[in-house]
Amino acid sequence: MGLYEWWCKATKKGDKRKYYWIYVERNGGRNEIRADLVKTIRSHYDRLERIAEDVKRLGYKGAAQILSAKLPQTAESRSGDLGEILAVELVEEEVDLRVPVCRLRYKDGRNVVMRGDDFIGVGYKGADKRLWLLKGEAKSNKVLSKKTVTSAREVLNRDNGRCTPASLLFVADRLLESNDRHDNLLGRSLRDEGDMKSLCADCIDHMLFTVSGNGPHASLKEDLDAVGTNCNHYVVKSTS
């Protein structure tokens, strides 16, 4: 079972390529997934096998100091990173696409906000196994507002709704550095797309992911109602 299946109760609605998903934390759900969530968060900042090597060489205290140097210290940075992590895990669990690169491992500083798309899902779909992308924007706020939703949609609409070229090439380059042949092939496809922009618009999905303490804001549904159906649109509200 995935993280969300244990953690939250889901309500999903979808019609004509528009999907509105609401996740509400179950009573006791956080305790159920606490250990897995901690492990998941660590994995977004460093490879788990590398952390294990640090523990073996330096002990838990030494390994903790190394990992701590990567973790954000300010409340704003922690909130932003958490929103991105939870969004990535949702895509991996609920959407038939991969998010193959953990961006947070490559931050210039632990409190620095990374530029570009918050997360990019990739894969092949259809009988002809066409390249498929998901452009995602994650927002984490104590209280979700219409201003936040509007801002997120503006970001998704940039570059004619396509993934930011620099973000796409970043993912492609990391895949090309992999020792896995399939990752290399996918990375090559992404580099070609970043150069030629040949992918049809209906093969680039959008996801607006939010996590906040308040319930679903009316602006989320209004936002989803206003978008077209040229691609799959996911609007996700996660409530803690």
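The values are calculated or read from the model by the stated rules, or taken from the named source; none is laboratory data. Because the structure is predicted, anything quoted here is derived from the model rather than measured. Neighbour counts run over all protein chains shown; Cβ positions are idealised from the backbone, glycine included. Just so you know, the surface numbers come from the protein's heavy atoms only, side chains and all, with ligands and any DNA or RNA stripped out. Shrake-Rupley method; radii C 1.70, N 1.55, O 1.52, S 1.80 Å.
Using θ = phi - 60° and the Karplus curve 6.51 cos²θ - 1.76 cosθ + 1.60, what whole-Hz ³J(HN,Hα) does each residue of segment 92-101 get, with Gly and Pro shown as x?
4, 8, 10, 10, 7, 9, 9, 10, x, 10
Checking the a/c ratio against 1.5 first, then a/b against b/c, what shape does the Cα gyration tensor give for segment 4-94?
Values: a/c = 2.45, a/b = 2.17, b/c = 1.13.
The shape class here is prolate.
I need the calculated FRET efficiency for the pair Ala127 and Arg98, taking r as the beta carbon distance and R₀ as 25 Å, to the nearest 0.05. Provide the component values of the computation, followed by the final result.
Values: r = 20 Å, r/R0 = 0.79.
The computed FRET efficiency comes out at 0.80.
Out of Val95, Cys8, Gly161, whose Cα points farthest toward the positive end of the dipole of the chain (charges: +1 Lys, Arg; -1 Asp, Glu; placed on Cβ)?
After comparing all options, I get Cys8.
Which residues' amide hydrogens lie under 5 Å from the amide hydrogen of Cys8, considering only partners 5 or more residues apart or on another chain, with H built in the peptide plane?
Amide H neighbours of Cys8, under 5 Å, 5+ apart: Arg26.
Using 0.36 nm per residue, how much length does the chain from Ser151 to Trp6 gain when fully extended, once their Cα-Cα distance is taken away? Numbers along the way, then the final one.
Details: separation 145, 0.36 × 145 = 52.20 nm, distance 3.09 nm.
Full-extension gain reported as 49.1 nm.
Compute the distance in nm between two label points, each set 7 Å from the Cα along the Cα-to-Cβ direction, one at Arg34 and one at Tyr106.
Result for the modelled spin labels: 3.5 nm.
Accessible surface of His233 in the full protein assembly, 1.4 angstrom probe, to the nearest 10 Å²?
10
Any lysines with Cα under 30 Å of the Lys147 Cα? List them, leaving off those in the same chain fewer than 8 positions away.
Reachable lysines: Lys9, Lys12, Lys13, Lys16, Lys18, Lys107, Lys135, Lys139, Lys221, Lys237.
Roughly how many percent of the accessible protein surface of the chain is carbon and sulfur, given a 1.4 Å probe and a whole-percent answer?
Carbon and sulfur together cover 49 percent of it.
Kindly state, to the nearest 0.05, the FRET efficiency for Arg26 paired with Ala218, given R0 = 35 Å and r defined as their beta-carbon distance.
Details: r = 24 Å, r/R0 = 0.69.
So, using R0 = 35 Å, E works out to roughly 0.90.
Take peptides 78-84, 110-116 and line them up by average Cβ neighbours within 10 Å, highest first, as a rough protection proxy. Provide the component values of the computation, followed by the final result.
Working: 78-84: 20.3, 110-116: 13.9.
Highest-to-lowest ranking by the protection proxy: 78-84, 110-116.
Would you work out the relative contact order for segment 38-157, in percent, from Cα pairs under 8 angstrom that are 6 or more residues apart? Intermediate results must be reported in sequence, preceding the final value.
Values: 121 pairs, mean separation 26.5, N = 120.
The value is 22 percent.
Could you state how much accessible area Cys8 has, in square angstrom rounded to the nearest 10, with a 1.4 Å probe and all protein chains kept in place?
Only protein atoms counted, so the area is about 10 Å².
How would you rank 24-30, 185-191, highest first, on the average number of other Cβ atoms within 10 Å across their residues? Before the final figure, lay out each step's value.
Numbers: 24-30: 13.1, 185-191: 18.7.
So the peptides 24-30, 185-191, ranked by packing, come out 185-191, 24-30.
How big is the charge dipole of the chain about its Cα centre, in debye rounded to the nearest 20, if each Lys and Arg gets +1 on its Cβ and each Asp and Glu gets -1 on its Cβ?
Value, rounded to 20: 480 debye.
Please list Ser77, Ser198, Ser151 in order of solvent-accessible area, largest first, computed with a 1.4 Å probe with all protein chains present.
Details: Ser77 15, Ser198 80, Ser151 45 Å².
If we order Ser77, Ser198, Ser151 from most to least accessible, we get Ser198, Ser151, Ser77.
For segment 68-73, what does the Karplus curve 6.51 cos²θ - 1.76 cosθ + 1.60, with θ = phi - 60°, yield as ³J(HN,Hα) per residue in whole Hz, taken in order and with x for Gly and Pro?
With the stated coefficients, segment 68-73 comes to 4, 5, 8, 7, x, 10 Hz.
Would you mind working out the accessible area per residue for segment 8-84, using a 1.4 Å probe, and quoting it in Å²? Can you show the working numbers first?
Details: 5250 Å² over 77 residues.
Using a 1.4 Å probe on heavy atoms only, each residue of segment 8-84 averages 68 Å².
Here are labelled values, (i) -0.65, -0.75, -0.79; (ii) -0.49, -0.71, -0.84; (iii) -0.71, -1.05, -1.24, and one is the computed log10 I(q)/I(0) by the Debye sum over Cα atoms at q = 0.10, 0.12, 0.13 Å⁻¹ for what I pasted. Which one?
Step by step, log10 I(q)/I(0) by the Debye sum over Cα atoms at q = 0.10, 0.12, 0.13 Å⁻¹ for this structure corresponds to label (ii).
Which whole-Hz couplings ³J(HN,Hα) result when phi for each residue of segment 135-150 is put into the Karplus expression 6.51 cos²θ - 1.76 cosθ + 1.60, θ = phi - 60°, listed in order with x for Gly and Pro?
9, x, 10, 10, 10, 10, 9, 4, 10, 6, 10, 4, 4, 5, 5, 4
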